[in-house]
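Read through the structure below, which is laid out as structure tokens, and then see the notes.
The values are calculated or read from the model by the stated rules, or taken from the named source; none is laboratory data. The shown structure was predicted, so the numbers you read here are calculated from the model rather than taken from an experiment. As a convention, Cβ positions derive from the backbone with ideal geometry for all residues, glycine included, and neighbour counts pool all protein chains shown. Surface accessibility is based on the protein's heavy atoms, side chains included, excluding ligands, DNA and RNA. Shrake-Rupley method; radii C 1.70, N 1.55, O 1.52, S 1.80 Å.
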Amino acid sequence: MTETWTTGRLVLMGAGVVLIGVGVVVGLTSVPQGQWPSVLLWLAGGVAVHDVVLAPAAVVLGALVLPRVPVGWRPALRAGALGAVVLAIFAAVIVVAAGVRRDPSVVPVPLTTSLVVATAVLVLAVLVGAAVGTARGPARGRDPADPELRPREDVD
Amino acid sequence: MARTRLSDLRRQPPSQADFRSPVHDPRVVARVGVLLAAAIGTAFVTGLVSHLHQHPVAWLPFSPLPAWGFRLSQGLHVAAGLAALPLLLAKLYAAYPALFQRPRLRGPLHLLERGSVAVLVATAIFQLVTGLLNIFQWYPWSFSFVRVHFAVAWVLVGSVVIHVAVKLPTIAAALRRPLDQEVDGDHDGPTRRGFLAGIAVTVLGLTALTVGQTVTPLSGAAVLSPRQAGVGVQGVPVNRTARGAGVLDRATDPAWRLTVRGPGGTVRLSRAALEAMPQVTVVLPIACVEGWSTTATWQGVRVADLVAAVSDRDDADVRFVSLQEAGSYNESVLPGAYARHPDSVVALRLGGEPLHVDHGYPARLIAPNRPGVLQTKWLDRIEVVPA
């Protein structure tokens, strides 16, 4: 945050503040007050799930799991973990939605079919990715090192 | 080198410097961020289109053409939102070492930056999760989804723009540097590329397994989608059933009449009387705000012909009121430009058969380039809106 605040960045910052302001005004004027606690609960819940579940799971994956598998497998397993989290979210939603649906055209595919097919696609993709990663062998860079680049720069 | 154990993590939480994987490199974080911002931006713009269809403004009127306009727009909205889910997870994963910065706060500006990131994370997760649950018609909350989804969208986009403003120099530098360029002699280019390739495969895979709710040729592959294009009674998915809307008895009552009211008077038409009027056949998409859509063949009476029976104005807006007494979408207004378009029809038949009651029997509106929630079902009356 030591870089110069150019006019362009200040304009962007101002635009962002205006957009947030629009959202806050729209929310305060269109959403009944009685609904605000539920909205805030769901907003906070997302951050809580991220901090309590997703980030620790990522630490465990990076610190405990990936170092123990062959190098060629790691990118595929990382992507597989990403796909598995997405699939888990969908699976939970699909199972509940199938239970509360009001018409058969909602979640038209049998649960076992959809989840087995999606899991098979995921596993197949990981195996193909691992095979490609293993076949390529140990990583070797092509370009010379850039001493000015620091990999753990504060980016988020 | 000793491997990390779970007990090590319990004893001493990691700091940002402990995360040595090349996937946390700014070049990776920035590239994932660009993709995520593109998905969020697409969802925001198409969401505005949907909002303006439902809350029209005089300075930006929609046209009935192209007929597939809303189908494309809303299909993109949901596809982009679903694609944003793995992209957001990947972005959080790539950037999460920043959560372990020491010291946690370095001053007021840093506090503001951290706060804006918290808003960004909270609103992004909120929008994607509630949007996902909405398309599956699961509402485990106590607020109006549409209103809150619209308001929070502005906050999300605003916090993305602020985040870009704060990080712009870092982002620009990161995007300029090739992924394969080494740092201090590392050989991590393939790892960085592999991570991005994994994200791409995940996003494309998820899209392939869901987009068939609006892309008919991929309907069979849509195993993770809440709908499949073409699957439902009479080949069209159903959003709200007649029983769910509380109209089953009135919709199937032989005494039903469609009231058409305008400055020239009022007429009441039975279904037989409607069938005796000149019939037209139109092939139009029905496109739901929840993202599913399908093309169908509709038959019925032109809206313009009904309006002409009670009004000599052909530019008037027309209100369609359903038998459904409660609900946010029990009536809609068809703008004049749509009402006089020859493809805007009070449909009596779908796919060559009488409308199924869950599709709006005895009569429903179908018009081009219009959200499904505004294609009012189980019509009770049609009113020419006074100028």
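Descriptive notes on the structure:
- In Hz, Karplus ³J(HN,Hα) per residue of the stretch B:351-361 (6.51, -1.76, 1.60; θ = phi - 60°; x = Gly, Pro): x, x, 10, x, 3, 5, 4, 6, 9, x, 3
- DSSP beta bridges in chain B [antiparallel fraction, %, rounded to 5]: 90
- Counts of other chain beta carbons within 10 angstrom of each beta carbon in peptide B:111-120 average 2.
- Net charge over other residues, Cβ less than 11 angstrom from the Cβ of residue B:340 (K, R count +1; D, E count -1): -3
- Intensity falloff of the stretch A:21-125 expressed as log10 I(q)/I(0), Debye formula with alpha-carbon point scatterers, at q = 0.20 Å⁻¹: -1.07
- Other protein chain C-beta atoms within 10 Å of residue C-beta, averaged over A:120-128: 2.
- When the Cα positions of B:74, B:220, B:125 are compared along the charge dipole of the protein assembly as shown, B:125 comes out farthest toward the positive end, with charges on each C-beta of Lys, Arg, Asp and Glu.
- Within a Gaussian network of chain A (alpha carbon springs, distance under 10 Å), most fluctuating of A:95, A:86, A:25: A:25
- Put simply, chains B and A cover up around 8200 Å² of each other's accessible surface, both sides summed, when a 1.4 Å probe is used.
- Rg ratio for the protein assembly as shown: its Cα radius of gyration over 2.2 N^0.38 Å, N being its residue count, equals 1.11.
- If you sort A:42, B:68, A:73, B:59 by accessible surface, 1.4 Å probe, largest first, the order is B:59, B:68, A:73, A:42.
- Note on chain A: with a GNM built from Cα contacts shorter than 10 Å, the maximum mean-square fluctuation among A:32, A:67, A:110 falls on A:32.
- Residues whose amide H falls under 5 Å from that of residue B:348, counting only those 5 or more places apart or on a different chain, are B:299, B:300, B:301, with hydrogens built in the peptide plane.
- Stokes-Einstein, applied to the Kirkwood radius of the stretch B:33-116 over Cα pairs at a viscosity of 0.692 mPa s and 37 °C, places its translational diffusion at 210 µm² s⁻¹.
- Between residue A:47 and residue A:136, the modelled label-to-label distance comes to 3.8 nm, taking each label 7 Å out from Cα in the direction of the beta carbon.
- By a 1.4 Å probe calculation restricted to protein chains, residue B:224 has an accessible surface near 10 Å², given to the nearest 10.
- Candidates B:236, B:289, B:247, ranked by Gaussian network fluctuation over chain B, Cα under 10 Å, top entry: B:247
- Size of electric dipole in the stretch B:20-130: Cβ of Lys, Arg +1 and of Asp, Glu -1, about Cα centre, debye, nearest 20: 460
- Using a probe of 1.4 Å, the accessible surface attributed to residue B:331 totals some 80 Å² when neighbouring protein chains are kept in position.
- Counting only Cβ charges, +1 for Lys and Arg and -1 for Asp and Glu, the dipole size of the protein assembly as shown around its Cα centre is about 940 debye.
- Value of [θ]222 nm, deg cm²/dmol, for chain B, DSSP H segments ≥ 4, -39500 (n - 2.57) each, nearest 500: -14000 deg cm²/dmol
- Linear extension gain, residue A:116 paired with residue A:22, 0.36 nm per residue minus alpha-carbon span: 29.5 nm
- Exposed trypsin sites (Lys or Arg not before Pro) absent - longest run of chain B, DSSP non-H/G/I/E/B, at most 14 other C-beta within 10 Å: B:107-387
- Here the Debye sum runs over all C-alpha atoms of chain B as equal scatterers in vacuum, and log10 of I(q)/I(0) at q = 0.13 Å⁻¹ comes out as -1.05.
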